[in-house]
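Taking it in order: structure first as structure tokens, then the write-up.
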Amino acid sequence: MTWKETLADRMPDTLAEEIDIFEGQMVLRKQGKLDEKVFAETRLRRGAYGQRYDNGQRHDGTQSRTIAFPNEGVTKGHETAWDAPGMMRIKIPYGGMSADQIDVLADLADEYSDNILHITTRQDIQLHFIHIEDTPDLMRRLAAVGITTREACGNSVRNVTGCPLAGCCRTETFDITPYADALMKFLLGHPDVQDFGRKFKPAFSGCEGEACGLVWMHDGGYVAKVDANGKRGFKMVVGGGLGAVPHQAKVLYEFVPEEEILPVTQAVSRVFARLGEKRNRNKARIKFLVAKLGIDEFRKLVEEERAQLPHDPRWTAYLDDLDRHESKPLKDAVPLTISGSNLPEGYAEWAETNVYRQRQDGYVIATINLPLGDFTSDQARKLADVARKYIGDNVRTTVEQNLVLRWISEADLPAVYSELKAIGLAAPGAGTIVDITACPGTDTCKLGIAASRGLAGELRDRLIAKSSKLDKAIKDLKIKVSGCFNSCGQHHVADIGFYGNSRKAGNHVVPHFQLVLGGQWDDNAGTYGLAIEKIPSKAAPAVVDALADRYLAERQGDEKFRDWITRLGKKEVKAMLAPFTNVPDYTEDPSYYTDWGDPREFTIGDMGIGECAGEMVSLFAIEVAKAESEVFEASVALDEEKDYAKADALAYQAMLSAARSLVRATFIDVTWDPQNIVDEFKTRYFDTELFHDKYMKGKFAEYLFERHANAPTGDPGRDRAHQVVEEAQLFIEACHACDMRLSSAAASA
């Protein structure tokens, strides 16, 4: 019997058949008998994702960035090949993993990847540098231990996330684990979720007021509740999401009884599939549909859909088996009796930040703080052995890119610490300012602009070096970094968030990060931060220090960071940051022209410069400053003055000013008439696709067109004004990017 036949005996028939079909589609694609667009969606729905990687030549995305998997996003100057490596996203529902599963993941990282397992902000595991021809075998080996990659990517229901403390949390209403598991299994491959225009991300939280599942930033969220009669159910929210323009979810129902969460979610899916945008991917998330219809109309449509759904026994079958998911200890609870000098070196500092006392007496949870969410295959195997010895299969991943070991008997905690320390997994600081979240950024993501992992690593190293001297108020801050505006690093819900962009400085391009302040991680990510200022990448650590020092000096009582930022006011914050925005001349400090973790000169194209060329400032650079000022004033009107009509008007004017700045490069006589600006911009930049970049196409131009065509009548309200301010920020960024592309093309012509 071959190893494939052996695995087939251990796989569910449905998964085995799907993997066989996918393997057949790969053959058809190689033979040119299957359209690439069709195959791309097929492989994405099975977790096989394109990535970019560096072959060591340049950092400019033209020769060194090979696009994984055939023909996807390939433009002139990019090489591609069938065997170019990509990324495999592996779904880990609510983060739960067994020791045997960890062993298999470690083997796969060794055999197919680069020996690194990466935890994502959705509790998935990612393996990078995977060759596509290896993916069917990889999928089979995962399926044999109960793991699927199906619908880990693509226009599908993504991984169902949940609080990693579920079942052990001191403040939870009840354990959400069996409900998250039931929703995942019910929706996986369900015919009603196969026709989405974009992805749908669900999340479960056992608490209303803690961070837990971060439901307010999800497409669909479920918060555990018990009604007055003791009946279990969930508050259900829809239409949240971060991305380029974040939306807060809206309450669909204050209480949905447990037997109704699956059919109501099915009804939501059918409404989304039927009415959600399909042609314009930039408006295809459910958050746009909910915003367009309003939550009351959306609720009405869901109820109509629910009323006509044919009964499905799976809606309630799982309720008879809730106990199967009850987490249980491997060992009896024994109190910790040793203390002081009898404890291992470093234990006290680790226990202070990384240990959580469960609601079950005598048991604790230990967090493994993973720098950048990475751990090695060797560490994974040894971790599986630790789990088998002390806790069994009670391991979970977290949305902060860490691991937690649950149900540790208190008496075993020093021994667990010592064994984790021996394999390099006992770093303290979990949940503190040193525990920084970061997306892959320019390391592997095709959309990455700046090195998010590089900046996060630099900040972490600096903060660890002085962590013993940090005040608790500073230690409790959260920093999150994204490589672009899409918020995969969740920068919108951090006290201090960064997302990557770039700016021209004379004839060079300088990596920058947009600073976002005042986001809220607790209360299920209840408040989003707003962009304040653009900072050169190399100045970002100094900015963190300046913010921390001033916050500590001016904090009133137990004032939270976001409340201090609000009290200080955007204008004062911007003034404080002004010295950090300056970019020194290239000859004075060339380090500003490189990104963190990469000594090569940063560039987004072959701009080039001769030795005798003088520095110059373009007309666009001069005139777009007006747009930058207007969008800042719009954010002040939104956040401080609470004048939403003014915020909307200023954001719209900022988009017009930015568009006019571009147009003036080719048509100096464009007027200040809004219609004239929009017409000239559309004719000269949008219709000609000069404004379009490779991945976003003309997405951000649509923000201008939509606001121009749909001016609010009266007060637009905070949500809509907030959205337009965010869209104006992104449109201005897109104008900068367009100017840099055109300048680069002109320089190389």
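The values are calculated or read from the model by the stated rules, or taken from the named source; none is laboratory data. All values reported here derive from a predicted model rather than from experimental measurement. Cβ atoms come from the backbone with ideal geometry, glycine included; neighbour counts cover every protein chain shown.
The numbered conditions (1) farther than 17 Å from residue 194 by Cα; (2) over 18 Å from the mean Cα position of the chain (by Cα); (3) of a type in the set (Val, Ile, Thr) are all true for residue 215 except (2).
Every condition in (1) part of a loop (DSSP other than H, G, I, E, B); (2) in contact (Cβ under 8 Å) with a residue 40 or more places away in the chain; (3) surrounded by fewer than 16 Cβ atoms within 10 Å (Cβ to Cβ) is met by residue 645 except one, and the failing one is (1). Just wondering, is there one or more residues in the stretch 206-220 that are touching a His at 6+ places or on another chain (Cβ under 6 Å), modelled with pLDDT of 95 or more and crowded, with 24+ Cβ neighbours inside 10 Å? Taking every residue of the stretch 206-220 in turn, none turns out to be touching a His at 6+ places or on another chain (Cβ under 6 Å), modelled with pLDDT of 95 or more and crowded, with 24+ Cβ neighbours inside 10 Å.
Is it the case that residue 224 is crowded, with 24+ Cβ neighbours inside 10 Å, out of contact with any helix residue (DSSP H, G or I) (no Cβ under 7 Å at 6 or more places or on another chain) and in contact (Cβ under 8 Å) with a residue 24 or more places away in the chain? For residue 224, the condition - crowded, with 24+ Cβ neighbours inside 10 Å, out of contact with any helix residue (DSSP H, G or I) (no Cβ under 7 Å at 6 or more places or on another chain) and in contact (Cβ under 8 Å) with a residue 24 or more places away in the chain - is met. Taking every residue in the stretch 94-114 that is among the charged types (D, E, K, R) and pairing it with any residue that is part of a helix (DSSP H, G or I), at least 6 positions away or on another chain, the pairs with Cβ-Cβ distances below 7 Å are 103/381; 103/384; 110/377.
When residues in the stretch 288-316 are screened for being more than 33 Å from the chain's Cα centre (by Cα) and closer than 16 Å to residue 259 by Cα, 6 of them pass.
Go through the residues of the stretch 154-161 one by one and say whether even a single one is closer than 19 Å to residue 276 by Cβ and outside any loop (DSSP other than H, G, I, E, B). Looking for residues that are closer than 19 Å to residue 276 by Cβ and outside any loop (DSSP other than H, G, I, E, B), one finds at least one in the stretch 154-161, hence yes. Within the stretch 266-293, restricting attention to residues that are at pLDDT 95 or above and of a type in the set (Gly, Ala, Ser), which residue is surrounded by the most Cβ atoms within 10 Å (Cβ to Cβ)? Restricting to residues being at pLDDT 95 or above and of a type in the set (Gly, Ala, Ser), the top hit is 269. Listed by position, the helices (runs of 4 or more DSSP H) enclosed by the stretch 338-444 include none that has at least 3 residues that are without any contact (Cβ under 8 Å) to a residue 60 or more places away in the chain and in contact with a His (Cβ under 9 Å, 6 or more places away or on another chain). Just one of (1) outside any loop (DSSP other than H, G, I, E, B); (2) of a type outside the set (Gly, Ala, Ser); (3) crowded, with 21+ Cβ neighbours inside 10 Å fails for residue 484. It is (1).
The residues in the stretch 268-295 that are in a loop (DSSP other than H, G, I, E, B) and touching a strand residue (DSSP E or B) at 6+ places or on another chain (Cβ under 6 Å) can be counted, and the count is 1.
Applying the criterion of being of a type in the set (Ser, Thr, Tyr) and more than 23 Å from the chain's Cα centre (by Cα) to the residues of the stretch 172-204, the residue that is farthest from residue 279 (Cα to Cα) is 173. The set of residues in the stretch 445-473 being of a type in the set (A, V, I, L, M) and either farther than 22 Å from residue 499 by Cβ or outside any helix (DSSP H, G or I) (or both) consists of 447, 449, 450, 451, 464, 465, 470, 473.
Every residue, every condition in (1) assigned by TED's automatic domain parsing to the domain that holds residue 184; (2) of a type outside the set (Lys, Arg); (3) within 30 Å of residue 128 (Cβ to Cβ), yes or no:
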residue	(1), (2), (3)
335	no, yes, no
345	no, yes, no
348	no, yes, no
363	no, yes, no
366	no, yes, yes
369	no, yes, yes
374	no, yes, yes
382	no, no, yes
386	no, yes, yes
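Restricting 611, 628 to those that are at pLDDT 50 or above and surrounded by fewer than 21 Cβ atoms within 10 Å (Cβ to Cβ) reduces the list to 628. Scanning the stretch 121-135 for residues that are assigned to a helix (DSSP H, G or I), surrounded by 21 or more Cβ atoms within 10 Å (Cβ to Cβ) and not aliphatic (A, V, I, L, M) yields a total of 1. Checking 399, 355, 395 one by one, the residue that is in contact with a Ser or Thr (Cβ under 8 Å, 6 or more places away or on another chain) and surrounded by fewer than 21 Cβ atoms within 10 Å (Cβ to Cβ) is 355 and no other.
For the stretch 503-527, filtering for residues that are in a helix (DSSP H, G or I) and in contact with an Asp or Glu (Cβ under 8 Å, 6 or more places away or on another chain) leaves 3. In the stretch 616-623, is there at least one residue being of a type in the set (Asp, Glu), in a helix (DSSP H, G or I) and within 31 Å of the chain's Cα centre (by Cα)? Among the residues of the stretch 616-623, not one is of a type in the set (Asp, Glu), in a helix (DSSP H, G or I) and within 31 Å of the chain's Cα centre (by Cα), which makes the answer no. For the stretch 682-699, the tally of residues that are crowded, with 16+ Cβ neighbours inside 10 Å and either at pLDDT 90 or above or in the same structural domain as residue 279 (by TED's automatic domain parsing) (or both) stands at 5.
Remark: pairs (first residue in the stretch 672-697, outside any helix (DSSP H, G or I); second residue surrounded by fewer than 16 Cβ atoms within 10 Å (Cβ to Cβ); Cβ separation under 6 Å; 6+ apart in sequence or on different chains) = 694/75.
Among the candidates 416, 434, 404, 395, the residue that is among the β-branched types (Val, Ile, Thr) and not assigned by TED's automatic domain parsing to the domain that holds residue 361 is uniquely 434.
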